[in-house]
Amino acid sequence: MENCIFCKIVAGEIPSAKLYEDGEIVIFKDIAPLARIHLLCVPKEHFAYLSELDDDRAALLGRTLKKIADLAPSLGLAEGYRLVVNQGENAGQSVKHLHIHILGGETLPWEK
Ligand code: 5GP
Ligand code: ZN
């Protein structure tokens, strides 16, 4: 997808601090961390919203959640973490390529 910053990171055209990569996803550090550990998990396939999930993408998302759970200890997240998917304007989604925020490394506040 042209002009998508996460597609460019996936392709290696924009540098990122990648911590994990396989055929389906990459995990890299968020450039503006909101917690001591703030990672982004991005499917390599470009699509913007959860509303675009078909059966294959839903299965990909399931595998991705399991992958995050399996990797968590090696990412410094053994004490727990929070996953966030911002969808659309009200949630402030700024990058229109579906991504999962992974937040942790400290006790996280839970407030609106
Ligand atoms: P959203 O607001 O769409 O849920 O999250 C987008 C996230 O991408 C933000 O937390 C922002 O800091 C991060 N981000 C935007 N551009 C870049 C970039 O070029 N590199 C990295 N590593 N993160 C980025
Ligand atoms: Zn993209």
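The values are calculated or read from the model by the stated rules, or taken from the named source; none is laboratory data. It should be emphasised that the depicted structure is a prediction, and the values quoted were computed from it without experimental measurement. Every residue, glycine among them, receives a Cβ derived from its backbone with ideal geometry; neighbour counts consider all protein chains shown. With ligands, DNA and RNA removed, areas are computed over all heavy atoms of the protein, side chains included. Shrake-Rupley method; radii C 1.70, N 1.55, O 1.52, S 1.80 Å.
Return one whole number: the accessible area per residue of the chain in Å², for a 1.4 Å probe. If you can, show how the numbers build up before the last one.
Working: 6970 Å² over 112 residues.
Per residue, the chain has 62 Å² of solvent-accessible surface.
Mean residue ellipticity at 222 nm from the helices of the chain, using -39,500 (n - 2.57) per DSSP H segment of n ≥ 4 over the full residue count, to the nearest 500 deg cm²/dmol?
Values: 2 runs with 24 residues, N = 112.
Taking each H run of at least 4 residues, the total per residue is -6500 deg cm²/dmol.
For the pairs Lys67/Lys96; Lys66/Lys96; Lys18/Lys44; Lys18/Lys67; Lys29/Lys96; Lys44/Lys66, note any where the Cα-Cα span goes beyond 20 Å.
Working: Lys67/Lys96 22 Å; Lys66/Lys96 23 Å; Lys18/Lys44 13 Å; Lys18/Lys67 15 Å; Lys29/Lys96 18 Å; Lys44/Lys66 16 Å.
Where the Cα-Cα span goes over 20 Å, the pairs concerned are Lys67/Lys96; Lys66/Lys96.
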> Scanning the chain for GluC sites (Glu not before Pro) in DSSP loops with at most 10 other Cβ atoms within 10 Å, what's the longest stretch left with none?
Replying inline: 14-110
> Of all the accessible heavy-atom surface of the chain, with the other protein chains kept in place and a 1.4 Å probe, what percent is carbon and sulfur?
Replying inline: 53 percent
> Separation between the Lys18 and Leu71 pseudo-spin-labels, each 7 Å from Cα along Cα→Cβ, expressed in nm?
Replying inline: 1.1 nm
